[in-house]
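*Asks:* Handing you a structure now.
Any read-out appearing in this document is the output of simple, stated calculations on the displayed coordinates, not a laboratory observation. Note that this is a predicted model, so its numbers are computed, not measured. Please note: Cβ atoms are built from the backbone with ideal geometry, for glycine as well, and neighbour counts cover all protein chains shown.
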Amino acid sequence: MFTRTRTAKIALLAADLVAFTLAFGVGLVALILYADYPTNQDFEQWWWGTGRIHSFVHFVFVAITLVRFYTKGLYSRRIPFWDELRSLLLTLVYLALLNGMVVLIAKWPFSRVLWLTSWLVACALIPIFRAFARTFLRRAGYWARETFIVGTGETALSAYLAITSEPQLGYQVREFIKLENTQNGAALPPSIPVQKLSHAAVLERLRGLKDIEIIVALEDRDLNEAKQLIEEMSLEFDEIHFVPSVQGLPLFGMEANHFFSHEVLMLRSRNNLHFRPRVWLKRAFDFSAAIAITILASPILLWIAFRIRQSGPGVLFAHTRIGCDGKPFPCFKFRSMVPNAQAVLAELLAADPRAKAEWDASFKLTNDPRITPIGAWLRKTSLDELPQLWNVIRGDMSLVGPRPIVKKEMERYGHRIDFYTSVRPGMTGLWQVSGRSDTDYRTRVHLDTWYVKNWTLWYDIAILFKTIRVVLGRKGAY
């Protein structure tokens, strides 16, 4: 009898096999078009000659890739989208390169067109087919996993917010379990029931349930009370998730070390931005991407400049912002305000206490009278920030980083200002793709700090793709 877990594994494996097969078919089509076989007989001659050898070697490496997917938990574990995509693409790239190297070294018959096309198309199709498989499983009722969170404090709330932010994981939180003798916790979502249970009752509550996920997310102060329960749960259930309280720690790439015969878990973290080669890689990526985007967007840039010039003198606007190492720099934007913007702002703040309170809180106004009609459209689409590509090329800014701030805002970062000044500010960033103007300033500081602590080039790429979705949705921009 197939359980929901086993059915999900089979569905994902089938999706990968179909994607690989289709990718190879596309590779064959590309080969036929590239080689310009005049007749079917010519293609059949290639197939029965070198084609079969190439195909056999290719699918041997496909099999190795699937085994590697399995060992990395891509069939058994539920992994957040961007982490899974990174793992999939890295594995595919490594195996594709290994495939090419082995064939070249062995001097076997080899078609570069078929090899390159098959693997490139596989990189595109596998994530898509996996998404289709999950959609099918979800609609058939095989993907959702009832989830129980043991704990009702801030750690439990953080765990809930994290797993529900990733719908593809399929976790459906059924209830929070509050252990006896633990303190009252965070403001949990009212739609999720909270059960107050003894240690024995927790085991009894969960023992008879199948295909569930158990997440233990207790506060440090409650762990001593729950040690025996955790030991009993580890004996009773095949798998348990533990969420330690790690607020403030850099998490990406953290490695866990176990010590034989000791109940000690040592976590090793590192700051990627302290490694010079990675800093240079980020700068090289920023520079080359900014040049490419500027060239591609040049018709749009010229059209916007023409429209702004029709509304008054001056196309660009430069405002002093704080950059890396606390150095000020001119941050360029398309002019989106009336020429006498400062006078209009001063008059509004003096006359409207509500507008002044909003300005003091975020240095932004929902209904800003200074903004021109073309400027309102530019801000809604974030196209007013395209001139910052020149800041990126100059080295003042990065494509991705903390939002550039004015000097007056530095005090609002408190002791975390050192994180901000350790990197170049970005045209986009984690704050901009997490609600943008709809998030409060405290959240903005937290997100900027999290980005610096956990920076990787992969996260930069993820944020750039998220930015496209946010801009197209026009959410939170004013």
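*Asks:* Indicate the helices, whole DSSP H runs only, in the chain that combine a mean Kyte-Doolittle hydropathy of 0.0 or more with a Cα extent along their long axis of 27 angstrom or more.
*Replies:* 4-35, 52-71, 81-106, 112-140, 276-310
*Asks:* Just list whichever of Lys72/Lys227; Lys407/Lys466; Lys380/Lys466 have alpha carbons separated by over 19 Å in the model shown.
*Replies:* Violating the 19 Å Cα-Cα cut-off are Lys72/Lys227; Lys407/Lys466.
*Asks:* Expressed as a rounded percentage, what relative contact order does the chain have, with Cα pairs under 8 Å and six or more residues apart?
*Replies:* Relative contact order comes out at 11 percent.
*Asks:* Moving on to the next point. Tally Lys and Arg at +1 and Asp and Glu at -1 over the other residues with C-beta under 13 Å from the C-beta of Tyr413: what net charge comes out?
*Replies:* Neighbour charge sum, excluding Tyr413 itself: +3.
*Asks:* On to the next question. With charges set only on the Cβ (+1 for Lys and Arg, -1 for Asp and Glu), what does the dipole of the range 145-245 come to about its Cα centre, in debye to the nearest 20?
*Replies:* In total the dipole reaches around 280 debye.
*Asks:* With unit charges on the beta carbons (Lys and Arg positive, Asp and Glu negative) and the dipole taken about the Cα centre of the range 194-287, which residue among Val243, Leu203, Leu267 sits farthest to the positive side?
*Replies:* Going by the Cα projections, it comes out as Leu267.
*Asks:* How high is the relative contact order of the range 145-245, in percent, with contacts defined as C-alpha pairs under 8 Å that are six or more residues apart?
*Replies:* So the answer I get is 36 percent.
*Asks:* Provide Rg and Dmax in Å for the range 145-245, with only Cα atoms included in the calculation.
*Replies:* Computed over the Cα atoms of the range 145-245, radius of gyration and Dmax are 12.4, 35 Å.
*Asks:* Given 37 °C and 0.692 mPa s, compute D for the range 304-454 with the Stokes-Einstein relation, Rh being the Kirkwood radius over Cα pairs; round to the nearest whole µm²/s.
*Replies:* Rounded, D is 202 µm²/s.
*Asks:* Same structure, new question: Is the range 262-390 rounded, prolate or oblate when judged by the Cα gyration tensor, a ≥ b ≥ c being the square roots of its eigenvalues, rounded requiring a/c under 1.5 and prolate requiring a/b larger than b/c?
*Replies:* Note, shape of the range 262-390 comes out oblate.
*Asks:* Here is a follow-up. Less than 14 Å Cβ to Cβ from Gln388, Lys/Arg counted +1 and Asp/Glu -1: what total charge do the surrounding residues give?
*Replies:* That sum, taken over residues with Cβ under 14 Å, equals +3.
*Asks:* Arranged from highest to lowest average of other beta-carbon atoms within 10 Å per residue, in what order do the peptides 452-458, 329-335 appear?
*Replies:* Output ranking for 452-458, 329-335: 329-335, 452-458.
*Asks:* I'd like the trypsin sites (Lys or Arg not before Pro) in the range 203-290 restricted to DSSP loop residues with at most 13 other Cβ atoms within 10 Å, sorted by number.
*Replies:* Lys210, Arg270
*Asks:* Continuing with this model, one more query. Could you calculate the contour length gain from Lys107 to Ala187, that is, 0.36 nm times the residue separation minus the distance between their Cα atoms, to one decimal place in nm?
*Replies:* 22.3 nm
*Asks:* Work out the length of the dipole vector of the chain about its Cα centre, built from +1 on the beta-carbon of each Lys and Arg and -1 on the beta-carbon of each Asp and Glu, and round it to the nearest 20 debye.
*Replies:* 1300
*Asks:* Can you give the calculated 222 nm mean residue ellipticity of the chain, where each DSSP H run of n ≥ 4 adds -39,500 (n - 2.57) and the sum is split over every residue, rounded to the nearest 500 deg cm²/dmol?
*Replies:* Computed ellipticity for the chain at 222 nm equals -18000 deg cm²/dmol.
*Asks:* Given the C-alpha centroids of the range 348-404 and the range 439-473, what is the distance between them in whole angstrom?
*Replies:* Going from one Cα centre to the other spans 17 Å.
*Asks:* Based on the Kirkwood radius over alpha-carbon pairs, what is the Stokes-Einstein translational diffusion coefficient of the range 396-458 at 20 °C with 1.002 mPa s viscosity, in µm²/s?
*Replies:* It comes out at roughly 185 µm²/s.
*Asks:* Expressed as a fraction of 2.2 N^0.38 Å, the rule-of-thumb size for a compact globular protein of N residues, what is the C-alpha radius of gyration of the chain?
*Replies:* 1.19
*Asks:* May I ask for the percentage of alpha-carbon pairs in the range 4-140 that lie more than 20 Å from each other?
*Replies:* Taking all Cα-Cα pairs of the range 4-140, the fraction more than 20 Å apart is 48 percent.
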